[in-house]
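Asker: To start, I am sharing the structure in question, which I have written as structure tokens.
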Number of protein chains: 2
Amino acid sequence: MMLKTHHCGQLTKANIGETVVLNGWVQRRRDLGGVLFIDLRDRSGLVQIVFNPDFSGEALAIADRARNEYVLAVKGAVVERDAETVNTNLGTGEIEVRITEIEILNAAKNPPFFIEDGIEIDETLRLKHRYLDLRRPEMQKTLMLRSKAAKVFRDYLDENGFLDIETPILTKSTPEGARDYLVPSRVHPGEFFALPQSPQLFKQLLMVSGLERYYQIARCFRDEDLRADRQPEFTQVDIETSFMSQDQLLEMMEQLLVRLFRETIGVEVATPFQRLTYAEAMDKYGSDKPDLRFGLELSTVTDIVADSDVKVFNMIAKNGGIVKALNAKGCATWSRKELDDLQPFASRYGGKGLAWITVKEGEWKGPIVKFFKEEEIAALTERLNVEEGDLLIFSADKPKVVYDVLGNLRQKVGRDLGLIDDKAYKFLWVVDFPMFEYDEDEKRYAAMHHPFTRPNDEDLHLFDTDPGQMRAQAYDIVLNGYEVGGGSMRIYQREVQEKMFKALGFSPEEAKAEFGFLLEAFEYGTPPHGGMAYGLDRLIMLLAGRTNLRETIAFPKTASASDPLTDAPGAVSDKQLEELSIRVALKQPAAKA
Amino acid sequence: MMLKTHHCGQLTKANIGETVVLNGWVQRRRDLGGVLFIDLRDRSGLVQIVFNPDFSGEALAIADRARNEYVLAVKGAVVERDAETVNTNLGTGEIEVRITEIEILNAAKNPPFFIEDGIEIDETLRLKHRYLDLRRPEMQKTLMLRSKAAKVFRDYLDENGFLDIETPILTKSTPEGARDYLVPSRVHPGEFFALPQSPQLFKQLLMVSGLERYYQIARCFRDEDLRADRQPEFTQVDIETSFMSQDQLLEMMEQLLVRLFRETIGVEVATPFQRLTYAEAMDKYGSDKPDLRFGLELSTVTDIVADSDVKVFNMIAKNGGIVKALNAKGCATWSRKELDDLQPFASRYGGKGLAWITVKEGEWKGPIVKFFKEEEIAALTERLNVEEGDLLIFSADKPKVVYDVLGNLRQKVGRDLGLIDDKAYKFLWVVDFPMFEYDEDEKRYAAMHHPFTRPNDEDLHLFDTDPGQMRAQAYDIVLNGYEVGGGSMRIYQREVQEKMFKALGFSPEEAKAEFGFLLEAFEYGTPPHGGMAYGLDRLIMLLAGRTNLRETIAFPKTASASDPLTDAPGAVSDKQLEELSIRVALKQPAAKA
């Protein structure tokens, strides 16, 4: 077998005169008057190889049998192309290879779809033939980018003293968090392992172990109903450190991301990254993961409209609600239909409606304009920086609803107005998250991050008086409107941990039952520690400019958590189930009416 | 909080005069006449810190509260020790740190065992408090070595164009191989995922995809009864390449191992590695993973003894058996008991007995000596290089039994005679494995490696006539008697694959049912490919000079596949089982008599 001396896509004029051996796939073939041209493809790209009776001898007849996706080994001389046949679209377009020897290493059936970028075919078909889908250059480039990105993470973390440590995949089910994937134990009948939702507890134990700096590119598992940006198994770059402050860690993480973007896609990201507190982010953008590639900041106008004659504003302001406005610059030209569409848009995010005002030829128009007093209009003009051609959109409701509605509307308007630069990468740290969310159903506080998150030192006294106001040493890293990572400094002092459990409504006994081994570990000399985790799949999606997580994973699952290629999950034998001491217990289908 | 400026174990005379902040754990404390000495430990090592009323002020009183494993932050000046107090056992033994400020970052209960190397306590206790066990320097060094080793693998493979690609953990149960761990699917009631025993099928699919060079440090799972060197989840460095010959791949892998040993433990391994065919290895060492740190080669003497008056040799030689001998140099001094112990030793490996001859003062002694003719003794003397003081041990049986008995005896004698250099690393490639083993129970051939292993080209014609004689393009890498990796070139031609399945007794329909998606993939232009996998846990064990796989894994499972730390596996709620459409079905305990 002739083995490659060069990669197809890397031949240039510098190779002219060399005899090379290439191995690759037939991308396409053209027979021009007895001369056969084949575009030969490997993962590096394409090159044109030529079979001509003048120099190819028997090789021409053999090559003539080759069809698309045949695997060839060829030998020949690199020559310059005639000026008129130079292909400037192709890196190798200035040369071609005149073949003197060929082996057909393998034949191929005609593939069910073309091996080329930008195909628009059913994704299930692509997944069923993933081995062909992955031949397409855009898929190969994404997987190469992913490999490179993982390497950059590892190099940087290794250089900074982080140890790559593996934690178990077969571990224990925990009552907190999302739904676990379970694995029946054969040796311990009736007991189950769980696949980890994250290595959180193990990485904290590694800090208790004094290993000081840990990382792992870790597979995690959540048995949740899937959305476009969720997978049952996903990968996170998991990091934990002892003896560092939050500021030190965030600066180190910024340099990591700078290097990641430089070495994978050649983009220089500016530091330091902008930081917003959670409260600021919600106030200005209605979101804790705002897209900062454009402005369109929201304004609070509760104070201005509270006493206006717009009854709904008036009423909401008096009942603890807020009124906020988005000035959609230049959108006064929206059609009636576009304005009407604001109502269903608001409903989608739980809002009851949106009020709007257009500013055309100096005049304010819209259903609520007549209720405003002159000084209110003046105040709004100043607060919202109102100019000719603007469209003002108001939302009044409980804060959470107002944020959701206007935050999403801001994103839509930004996109519609073409304010988003696809080439821009705007990082943002969101810090000072609340420690607790109030669970209306259960009438108790729940941890917004997790029960081991450390409060801001200056808020510690609020445990007993006003937990809802406590801020956490928790942080998210946001890129272009996507949360790509997050973490927190952890509680390491027993008395703080006890207060935390108390605030969450746990009795000491319950805390012990749920987190016993970690609490016990914490008693043997736990260092101050904290960390974070990046969602690798999502980061790669953004780096590669893709919009679907499945494009970043070699063998992903469908939205119904199955794999059309291997047909997983599947039936297993009774013997297997018996060995595991379990039985399938299908629910009875509901009787038909 | 005072954050470290230096690592404890890295302070030297070069730091004298500097003010440093250290963070670490109290290894031990001594109070000498009101002056407090503490050995402070972090992952880099120990340093002595000193609290003295002369310079420590309040810090002394605070430090006095600290006990073993308390976590401290201290600040002080690095000073030279008095000549008489220099500790040459300690890297930092020429200096000490005079503390002026201290914070007790955390208290600690008295740990259940000492945090020091070489403790001899119950392993379950160590695993239950793994976070303390991992504080011990030898455990930390092993995990650092493991992290470094993974990095070397990655760097080398990355430099050689291998892409780091993740393959699924939730995949499909396959009927071949060991027992699968199963994961019930919630979305597809009654169906199951399986955890992968290796990424074998996926890495071959990646070759079909044209990604050309793949690697992954992959978690693999086997639900088998455990031995000391098995874990239910284990890690392999998984590698696959297209368009390379076996020789090219093995040479590349040798350079990888050279680099691994150089960069982790500073050992220069000589290349090229010795290669033995499977047949040679069995013949000379009775093992396909011989320890080549010592000689003691076996000799076949069937031809010499076949016509002797030793009836059992005679009979076995005539019935297709073999007679082999080990010359245990200098062991003529063995006691009668030692010689008697040879019989139970042989039994352990399936042998019926061993014959022995001692050579003392020029005389051959032993039960069988009298049956040998003079020319037979002469021939044995030459073949076995018999000298004064030797002990000759003979085994006669079916080849497999003789190999097992004498191969293991050779290892025991080599160890007993002190022939094994613990500092030596002897690599060996074993090549040309048989394609098939004959399964006596099922009266059919079974694949020795797996059904996708390519035969040696010159043996292809034996498919139809004598499959038992076919050799495979399969190879194992052996280090000091341990198989640390293995692999094969794969079948990529349809007609060869069909012959393989036929030889294994599959009908075309059965082959399709078992390996359908891979066979289908093979029809779309499969390149020649092959690869290998290293057992990372075992390699680390050998690099670290440990004898137990569990010492190389941060959070291992016990021999009963459980984790005393998290208490996994454990019970789960009825709701969880109901969501998964399964029920526990415990076997009835057998009624007592």
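Any read-out appearing in this document is the output of simple, stated calculations on the displayed coordinates, not a laboratory observation. In this text, all values refer to a predicted model and were calculated from it rather than measured experimentally. Cβ sites come from the backbone with ideal geometry, for glycine too, and all protein chains shown count toward neighbours.
Asker: Hey, what's the per residue convex hull volume over the C-alpha atoms of chain B, in cubic angstrom?
Answerer: Values: hull volume 154.1 nm³, N = 593.
Per residue, the Cα convex hull of chain B comes to 260 Å³.
Asker: Using a 7 Å offset from Cα along the direction of the beta-carbon, what are the separations from B:Q274 to the same position in each other copy, nm, ascending?
Answerer: Label-point distances to the other copies, shortest first: 6.7 nm.
Asker: Next question, about the same structure. Take every DSSP beta bridge with both residues inside chain A and express the antiparallel ones as a percent of the total, to the nearest 5. Spell out each step's value before the answer.
Answerer: Values: 92 of 100 bridges.
If I count the DSSP bridges inside chain A, around 90 percent turn out antiparallel.
Asker: I would also like to ask the following. Which whole-number percentage describes the relative contact order of chain B, with Cα contacts under 8 Å and a sequence gap of 6 or more?
Answerer: In percent, rounded to a whole number, it is 13.
Asker: Going by average Cβ neighbours within 10 Å, how do the peptides A:530-536, B:310-316 rank, with the highest at the top? Write out the running numbers ahead of the final one.
Answerer: On the way: A:530-536: 23.4, B:310-316: 18.3.
My ranking of the peptides, most packed first, is A:530-536, B:310-316.
Asker: Where in the range A:377-483 are there trypsin sites (Lys or Arg not before Pro) that are in a DSSP coil and have at most 10 other Cβ atoms within 10 angstrom of their Cβ? Before the final figure, lay out the partial values.
Answerer: Details: sites: A:R383, A:K400, A:R410, A:K412, A:R415, A:K423, A:K426, A:K443, A:R444, A:R471; in loops: A:K423, A:K426, A:K443.
Listed in order of number, the matching sites are A:K423, A:K443.
Asker: Would you mind ranking A:V97, A:V369 by Cβ crowding within 10 Å, fewest neighbours first? Write out the running numbers ahead of the final one.
Answerer: Details: A:V97 27, A:V369 17.
Taking fewest neighbouring Cβ atoms as first place, the list is A:V369, A:V97.
Asker: Could you tell me the calculated FRET efficiency between B:S507 and A:Q493, based on Cβ-Cβ distance and R0 = 51 angstrom, to the nearest 0.05?
Answerer: 0.15
Asker: So which DSSP H runs in chain B come out at 18 Å plus along the axis (Cα) with average Kyte-Doolittle of at least -0.5?
Answerer: Numbers: long enough: B:137-159 (32 Å, -0.73); B:246-265 (28 Å, 0.00); B:399-416 (25 Å, -0.56).
Span-like helices in chain B: B:246-265.
Asker: Same structure, new question: Return, for the Cα atoms of the protein assembly as shown, the radius of gyration and Dmax in Å, separated by a comma.
Answerer: Using the Cα atoms of the protein assembly as shown, the pair Rg, Dmax is 35.6, 129 Å.
Asker: Compute the FRET efficiency between B:A178 and A:F114 as 1/(1 + (r/R0)^6), taking r as their Cβ-Cβ distance and R0 = 35 Å, and round to the nearest 0.05. Show your work: numbers first, answer last.
Answerer: Working: r = 40 Å, r/R0 = 1.15.
The value I calculate is 0.30.
Asker: Moving on. So, with +1 on the Cβ of K and R and -1 on the Cβ of D and E, and no other charges, what is the size of the charge dipole of the range B:217-358 about its Cα centre, to the nearest 20 debye?
Answerer: Numbers: 18 positive and 23 negative charges, 115 e Å.
The calculation lands at about 560 debye.
Asker: Just want the ordering: A:K4, B:K109, B:K575, from fewest to most Cβ atoms lying within 10 Å of their own Cβ.
Answerer: Details: A:K4 18, B:K109 12, B:K575 8.
Arranged by neighbour count, lowest to highest, A:K4, B:K109, B:K575 become B:K575, B:K109, A:K4.
Asker: So, one more: In whole angstrom, how far apart do the alpha carbon centroids of the range A:133-167 and the range A:517-565 sit?
Answerer: 13 Å
Asker: Below 8 Å, C-alpha to C-alpha, sequence gap of six or more: please give me the relative contact order for the range A:467-507 in percent.
Answerer: On the way: 25 pairs, mean separation 11.6, N = 41.
It comes to 28 percent, rounded to a whole number.
Asker: Hey, another quick one. How large is the dipole of chain A about the Cα centre if only Lys and Arg carry +1 and Asp and Glu carry -1, each at its Cβ, rounded to the nearest 20 debye?
Answerer: Details: 75 positive and 95 negative charges, 299 e Å.
Using only the charged Cβ atoms, the result is roughly 1440 debye.
Asker: Cross-link candidates for A:K502: which lysines have Cα within less than 17 Å, leaving aside residues fewer than 8 places away along the same chain?
Answerer: Reachable lysines: A:K443, A:K512.
Asker: A further question on this structure: Residue-wise, which Karplus ³J(HN,Hα) couplings in Hz belong to the range A:229-245, taking 6.51 cos²θ - 1.76 cosθ + 1.60, θ = phi - 60°, and x for glycine or proline?
Answerer: Coupling constants for the range A:229-245: 10, 10, 9, x, 10, 9, 10, 10, 8, 10, 9, 8, 9, 9, 6, 10, 7 Hz.
Asker: Multiply the residue gap between B:R336 and B:T85 by 0.36 nm, knock off their C-alpha separation, and tell me the result in nm, one decimal place.
Answerer: Values: separation 251, 0.36 × 251 = 90.36 nm, distance 5.58 nm.
Result for the pair: 84.8 nm of gain on full extension.
Asker: Just want the answer: with Cβ charges of +1 for Lys and Arg and -1 for Asp and Glu, which residue in A:V79, B:G351, B:M282 is farthest toward the dipole's positive end in the protein assembly as shown?
Answerer: After comparing all options, I get B:G351.
Asker: Shifting gears a bit: Which of B:K311/B:K373; B:K324/B:K423; B:K148/B:K426; A:K289/A:K365; B:K329/B:K360 have a Cα-Cα distance over 23 Å?
Answerer: Details: B:K311/B:K373 13 Å; B:K324/B:K423 30 Å; B:K148/B:K426 21 Å; A:K289/A:K365 33 Å; B:K329/B:K360 12 Å.
Where the Cα-Cα span goes over 23 Å, the pairs concerned are B:K324/B:K423; A:K289/A:K365.
Asker: Just to confirm the numbers: A:A585, label point 7 angstrom along the Cα-Cβ line, distances to the other copies in nm, shortest first?
Answerer: Its label point is 1.2 nm from the equivalent points in the other copies.
Asker: Taking every DSSP beta bridge that has both residues in the protein assembly as shown, what percent is antiparallel when rounded to the nearest 5?
Answerer: Working: 191 of 207 bridges.
Of the beta bridges lying entirely in the protein assembly as shown, close to 90 percent run antiparallel.
Asker: Quickly work out the A:K311-to-B:T271 label distance, labels modelled 7 Å from Cα along the C-beta direction, and quote it in nm with one decimal.
Answerer: In this crude label model, B:T271 to A:K311 measures out at 8.6 nm.
Asker: Arranged by the count of other C-beta atoms within 10 angstrom, fewest first, what order do A:H450, B:H188, B:H529 take? Kindly include the intermediate steps, with their values, before the conclusion.
Answerer: Numbers: A:H450 14, B:H188 17, B:H529 24.
With the fewest neighbours first, A:H450, B:H188, B:H529 line up as A:H450, B:H188, B:H529.
Asker: Still on this model: Ranked highest first by average number of other Cβ atoms within 10 Å, how do B:464-470, A:80-86 line up?
Answerer: Averaged packing, sorted descending, gives the order B:464-470, A:80-86.
Asker: Put a label point 7 Å from Cα along the Cβ direction on B:D54, then list its distances to the equivalent points in the other copies in nm, shortest first.
Answerer: Nearest to farthest, the other copies are at 9.5 nm.
Asker: Need the C-alpha centroid separation for the range B:19-52 versus the range B:343-384, integer Å.
Answerer: 65 Å
Asker: Size of the dipole of the range A:1-106 about the Cα centre, Lys and Arg at +1 and Asp and Glu at -1 on the beta carbon, nothing else charged, in debye to 20?
Answerer: Values: 12 positive and 15 negative charges, 70 e Å.
Computed charge dipole of the range A:1-106: roughly 340 debye.
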